[in-house]
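Structure record follows, encoded as structure tokens.
None of the figures in this text is laboratory data; all of them are computed from the coordinates on show. Since the model is a prediction, treat every value here as computed from it, not as a measurement. FYI the Cβ positions are ideal-geometry reconstructions off the backbone, even for glycines, and counts take in every protein chain you see.
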Amino acid sequence: MVIATGKGGCGKTTLTANLATLAAARGVDRVIAVDLDPQANLATALGIKGHDRGLSMLSAALGEGRAAPKLHDTGRDNLWYVAGGWHLRRLRSVAIYKGGPYTLAGWIRDSLRPLADGRTMLFIDTPQASGDILASAALLAGESLLIPTKLDAFSLAGVSALVEELLDLHDGDREEWAVINILGVVLFAVNRQASAIERRTRETLQHELGVSRVRLLDSSVMASDKAQIDAIMAGVSAAEYALIAKTTTLPPWYETLGTNADDRRSFANNADALAADYEAVAAEVDKALAEDLG
Ligand SMILES: Nc1ncnc2c1ncn2[C@@H]1O[C@H](COP(=O)(O)OP(=O)(O)O)[C@@H](O)[C@H]1O
Ligand SMILES: [Mg+2]
């Protein structure tokens with residue numbers, strides 16, 4: 001599953017971290033969170049301290065030694081991380097020189113395929129910028145695409161731009177790449193107090209997406225500055241954050257936390273609600289995946 005947007009800061013990384021963590025927690029045999037962003041924000045969101053900054057992905061993609069990308073431990077059962085980082089810039093330059101997004105998408109797929117045995121789910125976080133070869137290749141490398149968007153007009157324009165880019169990429173004789181399925185669009189950072197805005201946004205999006213028959217998920221992720229910023233800083237998912245906020249026996253991954261975690265009064269009081277939102281999105285994504293894959 002590829003998570004991409006047409007505009008930056010719309011929740012790709014946060015959503016990837018939360019969906020991957022939830023999938024692993026509910027017992028998918030093997031979940032791999034793949035970071036194709038040179039900025040490697042996903043490592044931060046998952047609380048991963050040391051990683052190879054995309055070096056093993058670069059080597060695997062360029063076929064040096066044919067090793068698969070390194071699976072970094074995330075401290076959670078069944079959940080692994082393939083690192084992004086500045087080495088991916090080199091991958092980008094080589095791909096520009098050697099061919100283009102289809103070539104690069106092929107390298108990425110071939111690199112990741114050996115990691116996916118049997119019941120494995122890969123969640124791929126992507127970099128920003130439409131027209132960027134790495135972002136385009138990332139779009140092509142997956143099987144399903146999930147698009148988070150905020151509710152403002154610029155973000156919505158980004159969704160349309162992304163859907164168009166995808167149609168462009170699938171244009172012409174590239175039959176072998178015409179396989180990615182747009183699983184849907186999910187509203188991100190929704191202000192629950194402003195329900196009229198959500199309603200209006202849904203109408204606008206339904207109208208636009210209806211043409212390309214892309215689904216708009218019923219569930220969404222609420223805006224929550226404190227819980228979300230805390231969780232990202234601590235390198236934990238919303239569900240994990242909500243759990244630490246009330247647990248007395250600290251979980252094994254507690255040591256990955258930042259400094260203020262001991263002070264329970266400082267935890268956001270809507271942590272449960274935020275976690276429940278991600279649960280709902282994950283459940284709807286699962287259902288949609290099952291439908292789409294027949
Ligand atoms: N539920 C939320 N409500 C409000 N802001 C959020 C929420 N989740 C994440 N954010 C913030 O939104 C910003 C963009 O999120 P991010 O996941 O990095 O997006 P992208 O990967 O698309 O650039 C981050 O600064 C993050 O802290
Ligand atoms: Mg990001």
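A few points about this structure:
- Computed from point charges on the beta carbon alone (+1 for Lys and Arg, -1 for Asp and Glu), the dipole magnitude for the chain about its Cα centre is near 460 Debye.
- Distances between placed amide hydrogens fall under 5 Å for Val2 paired with Ile124, Glu143, Ser144, Leu145, Leu146, all partners being 5 or more residues away or on another chain.
- For trypsin sites (Lys or Arg not before Pro), the sites in the stretch 1-94 that DSSP calls loop and that have at most 12 other Cβ atoms within 10 Å are Lys49, Arg66.
- Taken one residue at a time, the phi angles of the stretch 31-44 give Karplus couplings (6.51, -1.76, 1.60, θ = phi - 60°) of 10, 10, 8, 9, 9, 9, 9, x, 7, 6, 5, 5, 4, 4 Hz. Gly and Pro are set to x.
- In this calculation the C-beta distance from Val211 to Leu62 is compared with R0 = 51 Å, giving a FRET efficiency of 0.80.
- Among the DSSP helices (H) of the chain, those spanning at least 27 angstrom by Cα along their long axis with an average Kyte-Doolittle hydropathy of -1.0 or more are 271-292; this is a geometric and hydropathy rule only.
- For a label point 7 Å along the Cα-to-beta-carbon line of Asp132, residues of the stretch 39-59 with backbone N under 15 Å: 39-43, 54
- Lysine pair count for the chain [Cα-Cα under 28 Å; pairs on different chains or 8 or more apart]: 18
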